[in-house]
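As structure tokens, the structure follows; a few thoughts come after it.
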């Protein structure tokens, strides 16, 4: 089944573009580079017999129940981190998993973190290498860099099934290398670098409809041995106009060390 959604692509510019987060010292205030809206066809993977896997598409959807019922505060983190570690160790054959960041996003104008409505992947090569050092220190990072490591995101609906602004993905096989651009990510206390995607009619978009809090999307956002990272974005799409629940989700970034190369 194919749906139509609207996404916001980046555009080529002669200069480096940037996002500024918590700009001016105001939490949640975001200054964005230029974006252009496009209507795209999106394939619902629930309605296709062709499997979608990390190995073939850099993303997979699976059932992953959690003992956590409330993602407020910090008490839930040890339980949830252990669940994610066990899952990624099993599904990806990870030797080590470091869960280092959780972001709850709410599709509400007053929310501190809203769904990301730009087509992107979370790290460039330089951004990933710097983040590795930030997390592990230079000496341990150098050891990890001699082998196979990657950054993997785990995305889950919170409280209610997703009725609007679901997370969509672009199959890496449909992306031309020239579609990617570097983007600086400027925080009040540090600087990162991500990849933005420029529109291309060849892009093949996929998503899983009406995802529930018992389901997750696991997707690759950087791999040091060339496994593709996947462009993604919240989709401006409504499943059922009669449902008024607000999209709420949690995304967890993890650093994964593999036993061997792909």
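The residues in region 84-97 that are surrounded by fewer than 17 Cβ atoms within 10 Å (Cβ to Cβ) and either under 19 Å from the mean Cα position of the chain (by Cα) or closer than 21 Å to residue 67 by Cβ (or both) can be counted, and the count is 4. Taken over region 156-179, the criterion of being in contact with a strand residue (DSSP E or B) (Cβ under 7 Å, 6 or more places away or on another chain), surrounded by fewer than 21 Cβ atoms within 10 Å (Cβ to Cβ) and either without any contact (Cβ under 8 Å) to a residue 12 or more places away in the chain or assigned to a strand (DSSP E or B) (or both) is satisfied by 164 alone.
Hey, any hits in region 105-116 for a residue that's touching a strand residue (DSSP E or B) at 6+ places or on another chain (Cβ under 8 Å), in contact (Cβ under 8 Å) with a residue 60 or more places away in the chain, assigned to a strand (DSSP E or B) and more than 22 Å from residue 22 (Cα to Cα)? Checked against the condition, which is being touching a strand residue (DSSP E or B) at 6+ places or on another chain (Cβ under 8 Å), in contact (Cβ under 8 Å) with a residue 60 or more places away in the chain, assigned to a strand (DSSP E or B) and more than 22 Å from residue 22 (Cα to Cα), region 105-116 yields no hits at all. In region 118-129, the condition of being more than 15 Å from residue 222 (Cα to Cα) and modelled with pLDDT of 95 or more is met by at least one residue. Of the strands (runs of 3 or more DSSP E) lying entirely inside region 180-223, those containing at least 2 residues that are surrounded by 21 or more Cβ atoms within 10 Å (Cβ to Cβ), on the phi < 0 side of the Ramachandran plot and within 17 Å of the chain's Cα centre (by Cα) are 191-197, 205-207, 215-223. Taking the listed residues 75, 86, the one that is over 19 Å from residue 223 (Cβ atoms), in a helix (DSSP H, G or I), out of contact with any helix residue (DSSP H, G or I) (no Cβ under 6 Å at 6 or more places or on another chain) and modelled with pLDDT of 95 or more is 86, with no other qualifying. Only residues that are under 25 Å from residue 66 (Cα atoms) and part of a strand (DSSP E or B) were counted in region 224-262, giving 14.
Total residues in region 224-250 satisfying the condition of being within 11 Å of residue 152 (Cβ to Cβ) and either crowded, with 23+ Cβ neighbours inside 10 Å or modelled with pLDDT of 95 or more (or both): the figure is 2.
The values are calculated or read from the model by the stated rules, or taken from the named source; none is laboratory data. Just so we're clear, the structure is a prediction, and the values are computed from it rather than from any experiment. As a convention, Cβ positions derive from the backbone with ideal geometry for all residues, glycine included, and neighbour counts pool all protein chains shown.
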